[in-house]
Every structure is written in structure tokens, then in C-alpha cells.
Amino acid sequence: MDTIEIPPDHPRRVSLETREQVIEGHQRHIVATAGLLAHGRGEAFDYLIGERTHSYTKLAINAAAAAMLTADHPVISVNGNVCALVPEDLVLLSEVTGAPLEVNLFYYRKEREDAILEALKGAGAKRVLGTHDRPSTTIPELSSNRRRVDPDGIGSADVVLVPLEDGDRTEALRRIGKFVITIDLNPMSRTAIFSNITIVDNIVRCMPLLVEAVREHKGRPIKELKAIVDRFDNRSNLKKSLETIRDHIDEMASEAQDFKEETAQ
Ligand code: PTJ
């Protein structure tokens with residue numbers, strides 16, 4: 001096995017531990033091989049946003065919590081990476097929002113579906129939709145494996161949380177009238193652009209915050225929650241994420257210049 005013990009004082013401990021979770025998920029057939037690449041892309045964008053949850057991201061988390069609480073039938077879509085990284089938070093979010101978990105895979109293999117189901121059950125999930133023993137319906141205009149959805153889940157949902165998603169399905173879900181919430185570290189991805197609410201953050205940081213936000217908002221009048229969703233401006237949030245990346249690169253560039261001048265002396 002290619003896993004390692006990470007020293008507690010390692011400066012990049014959290015990032016390395018998260019990487020280990022994905023590698024272990026791959027060894028257990030939860031994560032697709034392409035999921036390792038997707039994680040690397042996420043790591044790069046996390047580095048660019050400074051590996052922290054920004055204040056404007058908290059606005060997106062708040063709006064996502066309000067949207068899930070005001071939905072008639074919210075659903076949480078689960079893929080391999082998401083299951084490997086935050087299985088307990090998925091179960092908690094499902095419990096506090098009443099949104100069922102639905103397994104929906106791009107790189108479908110029965111072995112992966114079974115491994116994901118087992119991991120979710122191990123994390124406390126009582127009911128999981130989207131598995132092969134369940135009925136299925138299809139999303140029109142989508143040719144990938146993800147077109148197959150559960151009629152009691154995404155098929156009849158009004159609000160769908162699709163973390164770490166590919167652009168095609170986000171567009172297809174929007175076209176059939178679903179309100180889409182995503183979590184994606186890349187503010188330039190098609191998913192980030194096409195979603196109604198994009199949380200530009202690492203899923204390992206924002207999922208506990210989302211659960212907390214739902215708990216805080218639960219019980220507030222529907223009118224107030226709907227106003228939070230209506231006030232949220234996704235395009236402006238994506239712009240702020242891009243500005244964060246630009247400012248971070250500018251800062252790094254001046255630090256590199258200072259370093260060059262110091263070493264030249
Ligand atoms: O399990 P499957 O078969 O359904 O496949 C899952 C993957 C992730 C492989 C599939 O959905 C895929 O190929 O996704 P993409 O198109 O690579 O998009 C994944 C997005 O998630 C990218 O924009 C990444 O930057 C982002 N991402 C990766 N890791 C994280 C992340 N966003 C938030 N938190 C992360 N930890």
C-alpha cells in the first residue's frame with residue numbers, strides 16, 4: 001500500500017491527510033482513478049485561494065443552507081470523491097435537511113457502487129438512493145452514466161446539491177428546471193458558472209459549516225430563508241473568488257521578488 005504516516009508537525013499536514021483519504025478511498029474502490037486527478041486539480045485551486053474559507057464563501061454556504069431548507073424535495077448527490085472525503089458530514093447534512101443521499105457516478109462500476117454504499121452505511125446512513133436495486137429514470141440530453149437517476153431522488157428533486165460535479169450534468173440539471181448547489185474549488189469550471197449557488201471551498205472545510213448553517217437556520221420563517229436565497233448573487237461570488245486568486249498570485253510574486261533581492265545581497 002502506498003499510504004504514509006504524516007508527522008503531526010508537518011506544515012502541510014491537513015492537505016496531506018486529505019490526500020491520504022482519497023488514496024485510501026481509491027484502494028477501497030470508492031474513488032475512481034480519475035478521481036485522483038480531480039483531487040489534484042482541487043488541491044491546486046485550494047492553494048490558489050489560500051486554503052481557507054473566505055467571508056464571501058460563508059455567504060454561499062448560508063444561501064445553500066437556506067435553499068435546502070426551503071426546498072420541497074432537496075437531494076444530495078454523492079460521488080466517489082465526496083464519499084471518501086466527508087461520509088459522516090453527508091449523513092449529518094441529510095439528517096438535518098431531510099434530503100436523501102443519492103449515489104450518482106460518472107465512472108460507474110458495480111464494485112464502486114457497493115463500496116460507496118457500504119461506506120455511507122458505515123457512516124450512519126439509513127437509506128441511500130440511486131443504487132442498482134432501485135428504479136431509475138433518465139435526465140434528457142445527457143449521455144454520460146450520470147443520466148440515470150433515482151425517481152425518488154434527483155428525478156423528482158427541486159433542489160440538488162451536486163458537489164465536485166462535471167459541467168455537463170450541471171447544465172442538464174439546470175435545463176430541466178432544478179435549482180443546483182455545488183461545491184467546487186475551481187471558480188472557472190462550467191459547474192461553478194452554471195450552478196445557482198457555488199461554494200468555492202474545499203469540501204472538507206465547508207461541509208461542517210454547511211451542516212452548522214442548516215442547524216442555525218432551521219425553524220426560521222420560510223419568507224426570511226427565501227430572502228437569503230434571493231439576495232445571493234453567484235456571479236459576484238465567483239468574481240470575488242477570482243479576485244482572491246489574483247491577489248494571492250500578486251502577493252506571491254512580490255514575495256518572490258523580495259526573496260530574489262535578499263539572496264542577491
Ligand atoms: O465518482 P465519480 O465516478 O462520479 O467521479 C467523480 C469525479 C470527481 C472524478 C468526476 O465528477 C469528475 O471528473 O469531476 P471533474 O470534472 O474533475 O470536476 C471535479 C471538480 O471538483 C474540479 O473542478 C475540482 O477542482 C473540484 N474539486 C476537487 N477536489 C475538491 C474539489 N472541490 C472541492 N473540494 C475538493 N476537495
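What to note about this one:
- In the stretch 34-58, residue farthest from the ligand (Cβ to nearest atom) [restricted to those that are of a type in the set (Phe, Trp, Tyr) and closer than 30 Å to His217 by Cβ]: Tyr56
- Of all the numbered requirements in (1) without any contact (Cβ under 8 Å) to a residue 24 or more places away in the chain; (2) open to solvent by 80 Å² or more (accessible area, probe 1.4 Å), Ile222 misses one, and that requirement is (1).
- Where Ile6 falls short, out of the listed (1) more than 15 Å from the ligand (Cβ to nearest atom); (2) open to solvent by 40 Å² or more (accessible area, probe 1.4 Å); (3) aliphatic (A, V, I, L, M); (4) farther than 21 Å from Asn234 by Cβ: (2)
- With respect to the stated conditions, Phe259 is open to solvent by 40 Å² or more (accessible area, probe 1.4 Å) and hydrophobic (A, V, I, L, M, F, W, C).
- Filtered residue count, the stretch 187-201, keeping only those that are touching a residue at least 40 places away in the same chain (Cβ under 8 Å), within 12 Å of the ligand (Cβ to nearest atom) and open to solvent by less than 20 Å² (accessible area, probe 1.4 Å): 6
- In the stretch 38-51, the condition of being open to solvent by 40 Å² or more (accessible area, probe 1.4 Å) and at positive phi is met by at least one residue.
- Some residue of the stretch 234-252 being outside any helix (DSSP H, G or I) and in contact (Cβ under 8 Å) with a residue 12 or more places away in the chain: no
- Residue in the stretch 120-137 that is closer than 23 Å to His29 by Cβ, touching a Lys or Arg at 6+ places or on another chain (Cβ under 9 Å) and exposed (fewer than 14 other Cβ atoms within 10 Å of the Cβ) present: yes
- Residue among Val180, Val204, Val211 that is of a type in the set (A, V, I, L, M, F, W, C), more than 10 Å from the ligand (Cβ to nearest atom), assigned to a helix (DSSP H, G or I) and at pLDDT 95 or above: Val211
- When restricted to residues that are within 21 Å of Val91 (Cβ to Cβ) and touching an Asp or Glu at 6+ places or on another chain (Cβ under 8 Å), the stretch 133-158 contains 5.
- Check on Asn62, polar (S, T, N, Q), touching a His at 6+ places or on another chain (Cβ under 8 Å) and more than 15 Å from the ligand (Cβ to nearest atom): yes
- Per-region count, the stretch 18-33, residues in contact with a helix residue (DSSP H, G or I) (Cβ under 9 Å, 6 or more places away or on another chain), open to solvent by less than 80 Å² (accessible area, probe 1.4 Å) and more than 10 Å from the ligand (Cβ to nearest atom): 3
- Residue within the stretch 60-72 that is outside any strand (DSSP E or B), touching a residue at least 40 places away in the same chain (Cβ under 8 Å) and among the charged types (D, E, K, R) present: yes
- Helices (runs of 4 or more DSSP H) lying entirely in the stretch 75-169 (those with 1 or more residues that are within 13 Å of the ligand (Cβ to nearest atom), modelled with pLDDT of 95 or more and within 15 Å of the chain's Cα centre (by Cα)): 80-85, 87-97
The values are calculated or read from the model by the stated rules, or taken from the named source; none is laboratory data. Just so we're clear, the structure is a prediction, and the values are computed from it rather than from any experiment. Every residue, glycine among them, receives a Cβ derived from its backbone with ideal geometry; neighbour counts consider all protein chains shown. When the accessible area is computed, the model is the full protein with side chains, heavy atoms only, and any ligands, DNA or RNA have been set aside. Shrake-Rupley method; radii C 1.70, N 1.55, O 1.52, S 1.80 Å.
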